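Structure, as C-alpha cells:
A short reminder: the numbers here are calculations on the coordinates, not readings from a lab. Values in this document were obtained by computation on a predicted structure and should not be read as measured data. Using ideal geometry, Cβ is built from the backbone for each residue, glycine included, and neighbour counts are taken over all protein chains shown.
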Amino acid sequence: MKEELFVSGRAIPNIDPYLNIWHWQIPVYLFLGGLAAGLLFFAALYTLLGKEKQMPTAVKWATFLVPPALVLGLLSLFLDLKHKMFFWQLYTVIRLESPMSWGAWTLLIITPISILWSMMFLRELLEAWKGKDGKPAPMAVWSLKFLEKNQWIEQFIQWLVKYRKVLAWLMIYYGLILGIYTGILLSAFNARPLWNTSLLGPLFLVSGLSTAAATIMWMSKDHLERSTISRIDLMLIGIELFLIVHLFMGFLASSAVQIEAASLFLGGPYTVMFWVFVVFMGLILPAILETLELLGYKIPVMIPAILILFGGLVFRFVMVEAGQITRYLY
Amino acid sequence: MRYAMAIDTKKCVGCSDCVVACQTENDVPIGFCRDWIVEVMDGSYPNLEMELRSERCNHCDNAPCVRCCPTGASHIEEGGVVKVKKHRCIGCGACIQSCPYDARYSHPEGYVDKCTFCYHRLVKGEKPACVSVCPTKCMYFGDLDDENSDVSIALRNRKHKVLAPEAGTKPHIFYLI
C-alpha cells in the first residue's frame with residue numbers, strides 16, 4: 001500500500017484534491033465553437049460546390065446561428081478568465097507553441113467573417129420574415145426601409161456577394177482550424193493524461209461537424225437537403241465511433257497514467273455518463289433513427305437532431321471534467 | 001548558469017519551516033502556498049517506509065506551462081527560473097492544467113502565482129528563503145554548471161530522483177534518496 005498526504009496543508013481551492021480550475025464555461029465554449037465551425041464548413045463547402053440553390057439551409061439560414069454562437073462562446077471564455085481586465089494581452093503576441101494563442105487569433109478572424117457571410121442573406125431573411133397574421137413583421141419592414149435609405153450597405157453586400165467564393169475558402173480553412181482547435185486546446189496539456197492524446201483534435205472536429213449537420217437537418221424544410229445532410233451525418237457518426245474506439249485502444253496500450261485515465265470510463269465514475277449519454281444516446285440511437293428515416297419510416301427529424309446536440313454537449317462536459325481528475329502525482 | 005535544488009529526503013523532518021518562510025518572504029495570501037510538504041507512507045504495518053518531500057515548482061527545462069501560455073506571461077528567466085509576469089497573465093488556467101506537479105495556483109487577484117526560487121534574493125546573491133531557514137539543512141541550492149556548488153556536490157555524492165520523469169519535463173528539483 002502506498003499513501004501520499006499533504007502534511008503542510010496545501011489549501012488551494014480548485015487545485016486540491018482535484019484540479020478542476022475549469023468549470024462549465026470551457027465545455028460550453030468547446031460546444032459552441034465546434035458547432036459554429038461545422039456550420040461555416042458546410043456553408044462554404046456547398047457554396048464552393050455550386051449547390052447554393054439545392055442546400056439553402058446549409059448555405060444561408062443556418063449560418064445566422066454562427067455569430068451569436070461565437071459571441072456566446074467568446075463570452076463564456078471571457079467569464080472563465082481570472083484576470084479579466086488583461087484579456088487583451090492575448091492579442092499582443094502570436095505564440096505558435098500555445099494552441100490557446102492561435103485559437104484566440106482564429107476566433108478574432110472567423111467571427112467577423114461569419115458576420116459578413118450572414119449579412120449577404122440579410123435582405124432575403126427580412127423579406128421572408130412574416131408576423132403571425134401573415135403580413136411582414138414590423139421589425140422587418142423597418143429594417144428593409146433602413147436598408148433602402150442606406151444604399152452603401154446594399155453596395156457593400158453586392159461587393160461581398162461578388163467575392164463570396166473567397167469568403168467561402170477562408171471559412172473552410174478557418175472553420176477547420178476552429179473545429180480542430182477545440183480538441184487540440186485540451187490535448188496540448190501533457191499533465192492531464194486523459195487529454196494528452198493527438199486523437200482529441202480530429203475527434204472534436206468530427207463531433208463539431210456532426211452537431212452542425214444535426215442543426216442543419218433540424219432547420220431544413222427541403223427533403224433532398226435533409227437526406228443529403230443526414231447521410232453525411234451518418235458518416236460522421238461512424239468516424240466518431242471509430243475514433244472513440246481508437247482513443248481507448250490507445251489509452252490502454254499506453255503508460256500507467258493513461259490506463260488509469262481510461263479506467264474512469266471503463267468501470268469508473270464516468271462510465272454511465274459516457275457510454276449511455278454520449279455514445280448510445282448521442283451517437284448510436286440517432287444513427288439508428290436517421291437510418292430508419294432514410295429508409296422511409298416517419299420519424300420527426302427533431303429527435304435525432306436534439307439527441308446529437310445533447311450528446312455533443314455532454315461529451316465536452318465529460319471530457320473537461322474527467323480530464324481534470326487525471327494526473328501524474330498523488 | 002542553471003539553478004537547481006537538491007532536497008535530502010533522509011534529513012527532512014517535515015517541519016514546514018520552508019513553507020512558512022516562503023509565505024512570509026513572498027507575501028503569499030492566506031490559504032495558499034508556493035511550496036508544501038508531502039508525506040509518503042509505503043508498505044504495510046509493521047514494514048513501513050516513510051519519505052518526506054518538500055515540493056515546489058520544478059523549474060523544468062522543458063516547461064509545459066511556458067509552452068502552453070497564450071500570452072508569454074509564463075517565461076524562463078536567466079538561470080532556468082520559470083516565472084510569471086503578472087501584468088501579462090490573463091488567468092486562463094492553461095499553465096495550471098499543463099503542470100504535472102500542480103505547482104501553480106490562481107492568486108486571489110486573478111493572475112497565476114508560483115515559486116520563483118526567490119528570484120529577488122538570487123539577484124542579490126542570497127539563497128531562496130526556504131533553503132536559508134531549513135533547520136536540518138536538508139536543502140542544497142546552486143548552479144548546476146558550477147561543479148563546486150552545493151547542489152552539484154550533493155548530486156555527485158548521492159543517489160537521487162526527480163518527480164514524474166515520465167512527464168518529460170526535465171525537472172530541476174532533485175530528491176536525495
Shape category assigned to the range A:42-136 from the gyration tensor of Cα positions, a/c cut at 1.5 | oblate
What shape does the protein assembly as shown have by the C-alpha gyration tensor, where a ≥ b ≥ c are the square roots of the eigenvalues, rounded means a/c under 1.5, and otherwise prolate means a/b greater than b/c and oblate the rest?
-> prolate
Using the Karplus equation 6.51 cos²θ - 1.76 cosθ + 1.60 (θ = phi - 60°), what ³J(HN,Hα) coupling, rounded to whole Hz, does each residue of the range A:113-119 give in order, writing x for Gly and Pro?
-> 4, 5, 5, 4, 4, 6, 4
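Given DSSP loops and a limit of at most 10 other Cβ atoms within 10 Å, what is the longest stretch of chain A that contains no such trypsin sites (Lys or Arg not before Pro)?
My reading of the result: A:133-220 is the longest stretch.
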Average other protein chain Cβ within 10 Å of Cβ, residues A:94-106 = 4
Counting only other chains, what is the mean number of Cβ atoms within 10 angstrom of the Cβ of each residue in peptide A:5-18?
-> 6
Under a cut-off of 17 Å between alpha-carbon atoms, report the lysines in cross-link reach of residue B:10, not counting same-chain residues fewer than 8 places apart.
-> B:137, B:159, B:161
Could you compute the FRET efficiency for residue B:24 and residue B:87, with r as their C-beta to C-beta distance and R0 at 22 Å, rounded to 0.05?
-> 0.35
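Which entries in A:2/B:86; A:132/A:162; A:2/A:82; A:132/A:298; A:82/A:162; A:84/A:165 show an alpha-carbon gap greater than 32 Å? Don't jump to the answer; show the numbers that get you there.
Details: A:2/B:86 38 Å; A:132/A:162 35 Å; A:2/A:82 36 Å; A:132/A:298 28 Å; A:82/A:162 43 Å; A:84/A:165 37 Å.
Where the Cα-Cα span goes over 32 Å, the pairs concerned are A:2/B:86; A:132/A:162; A:2/A:82; A:82/A:162; A:84/A:165.
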In nm, give the distance between the simple-model label positions of residue B:119 and residue A:254, each being 7 Å from the Cα along the Cα-to-Cβ direction.
-> 3.2 nm
Could you check the simple spin-label distance between residue A:280 and residue A:51, using points 7 Å along Cα→Cβ, in nm with one decimal?
-> 3.4 nm
Mind jotting down the distance between the C-alpha centroids of the range A:57-90 and the range A:124-144, whole Å?
-> 28 Å
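Let me know the shape class of the range A:25-323, please: from the alpha-carbon gyration tensor, a ≥ b ≥ c as square roots of the eigenvalues, rounded when a/c is under 1.5, otherwise prolate if a/b is greater than b/c, or oblate. Could the numbers behind the result be given before it?
Values: a/c = 2.20, a/b = 1.39, b/c = 1.58.
Oblate is the answer for the range A:25-323, as a/c is 1.5 or above yet b/c matches or exceeds a/b.
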Under 19 Å Cα to Cα from residue B:83, which aspartates and glutamates show up? Leave out anything in the same chain fewer than 8 places away.
-> A:97, B:25, B:27, B:35, B:55, B:61, B:102, B:109, B:113, B:126, B:143
Which distance in nm do the two modelled labels at residue A:18 and residue B:78 give, with both placed 7 Å along the Cα-to-Cβ direction?
-> 4.5 nm
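Need the full-extension length gain, residue A:303 to residue A:152, defined as separation in residues times 0.36 nm minus the C-alpha distance. One decimal, nm.
That pair, residue A:303 and residue A:152, stretches by 50.0 nm at full extension.
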Evaluate E = 1/(1 + (r/R0)^6) for residue B:47 and residue A:75, where r is the Cβ-Cβ distance and R0 equals 56 Å; express this FRET efficiency to the nearest 0.05.
-> 0.50
Per the rule of 0.36 nm per residue minus the C-alpha distance, extending residue A:291 to residue A:222 adds in nm 23.1 nm
